[in-house]
Structures are given as structure tokens and as C-alpha cells.
Amino acid sequence: KYPRTLEADIAKLAAAGADAAFTPTADEIYPEGFCTTITLRGPATAALEDRFRPTHFQGVATVVAKLLLQAMPDMAIFGEKDFQQLAVIRQMVGDLDIPVEILGAPTRREADGLAMSSRNVYLSDDERAAAPMLHRGMNKAAQRIRDGEAMEAALAPARSKLMAAGFEIDYLEVRDASTLATVQGRYRKGLRMLVAARLGRTRLIDNIEV
């Protein structure tokens, strides 16, 4: 379901000063007879995205491990927008001793705060106008937590307002930023708020530091 725009991607890389692009085909990554995958726990089984796409991170980890081992870069950069994916990759690289530094790139946003995504083109005009409520609601809830309010008490109004605006919420939770383990109580350092919600036929994900 993801757009495949290799030529446009390479043009953007060239404009940014890239000297080369490693673009193996699917057959090169998964040749005939390929039958090995990576078994995951920890951040990959945090009951966030994995609740809705139970085999997704297994595929991500397998292909990322192959790409890192084939290219052997000094570092690899992954967007923080898919924060659980970033956590899974960091855990895998550390556990398997793959000598690559994993860096997170901050989420890029539209002027109204909506996290940039190729899927945003599927939003209708009315849905696009409502979509920034997701980021605003998260920021308000995060501020209430930083001000000392209990986490669940701060999250409940945000969920209610989003549902009233037409969002179908898969999750809106605060987790430990390193492990994605559940947390309760009040504010402490090292927290991340993560959300996934459907607006019409478009599923939006986002996260912010608390």
C-alpha cells in the first residue's frame, strides 16, 4: 500500500548531495529459497502497532538487518514518526551486535502541526482540516502530565475530544521512551506519548516527547 517512487526518491537524494543509492530489488533481498526471519520481543511486542499488524515488525527487522549487513554503513537514520519501529531497530542492532549507529530523525510537520506522511493525500478536505487536532490534543495532554496531573487523567479528555471530532482511536498512550513499556502515575523523565487513529479511511500515527 506504500507508494513506490524510486526515481523521485533518487532525484531528492541527488539534490541533497548524495553520491550513491543502494537500491536492491525484492528478488535480491529475498532470493528463491529464503526462509530466515528474526524473532522479536521487547519494543516489538509493546501492544501498540503490533496489536494491529502482528507480523509487521518481524518483516521490518529482517529486511533492515539484511540492508545493514549488505551495505555496512557507519550510521543509519530512521524517522521518529514511527517511534516503535525505531525502538525495534535499535533493540535489534544492539542485540545482534550489528556495528551500525542508529539515529532518529525528528518528525517533519506541516505548518499546522500534522506529521508529514505520504498517506495524508488520502484525507478529504474536511478530514485534512480536522487532522491537526491529533497533534494539538497530544500537546495539551503532555503539558497536563508535565504539570503534575496523573497520566490517565490527562489522556482521557484528549481521547474524548478526538473521538467527538470523528477520529477512531487505536491507541493514545504514554510509554517509556527506551523500552516502550507501560507506565503509570505521574510525570518522570524519559516518556513518549504515542497515538494511532483513523480519520475516514486514513490511519494517522504520531508521537511526541512528554
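Just a few scattered comments:
- Whichever residue in the range 114-150 is farther than 21 Å from F83 by Cα and open to solvent by 60 Å² or more (accessible area, probe 1.4 Å) and, among such residues, is farthest from the chain's Cα centre (by Cα): D147
- Candidates A111, A196: the one that is closer than 25 Å to R51 by Cα and either open to solvent by less than 40 Å² (accessible area, probe 1.4 Å) or not in a helix (DSSP H, G or I) (or both) is A196.
- Candidates A164, A181, A153: the one that is among the aliphatic types (A, V, I, L, M), exposed (fewer than 13 other Cβ atoms within 10 Å of the Cβ) and in contact (Cβ under 8 Å) with a residue 40 or more places away in the chain is A181.
- Between L86, L69, L40, the distinction of being open to solvent by 60 Å² or more (accessible area, probe 1.4 Å) and aliphatic (A, V, I, L, M) belongs to L69 only.
- Taken together, the residues in the range 48-99 that are hydrophobic (A, V, I, L, M, F, W, C) and in contact (Cβ under 8 Å) with a residue 60 or more places away in the chain amount to 4.
- Positions within the range 25-56 being closer than 22 Å to L86 by Cβ and outside any helix (DSSP H, G or I), in sequence order: T37, I38, T39, L40, R41, A46, A47, L48, F52, R53, P54, T55
- Every residue from the range 45-66 that is among the small types (G, A, S) and either within 18 Å of A196 (Cβ to Cβ) or open to solvent by 20 Å² or more (accessible area, probe 1.4 Å) (or both): A46, A47, G59
The values are calculated or read from the model by the stated rules, or taken from the named source; none is laboratory data. Predicted, not measured: the structure shown is a model, and the values here were computed from it. Using ideal geometry, Cβ is built from the backbone for each residue, glycine included, and neighbour counts are taken over all protein chains shown. Heads up: the accessible areas ignore ligands, DNA and RNA and are worked out on the full protein's heavy atoms, side chains in. Shrake-Rupley method; radii C 1.70, N 1.55, O 1.52, S 1.80 Å.
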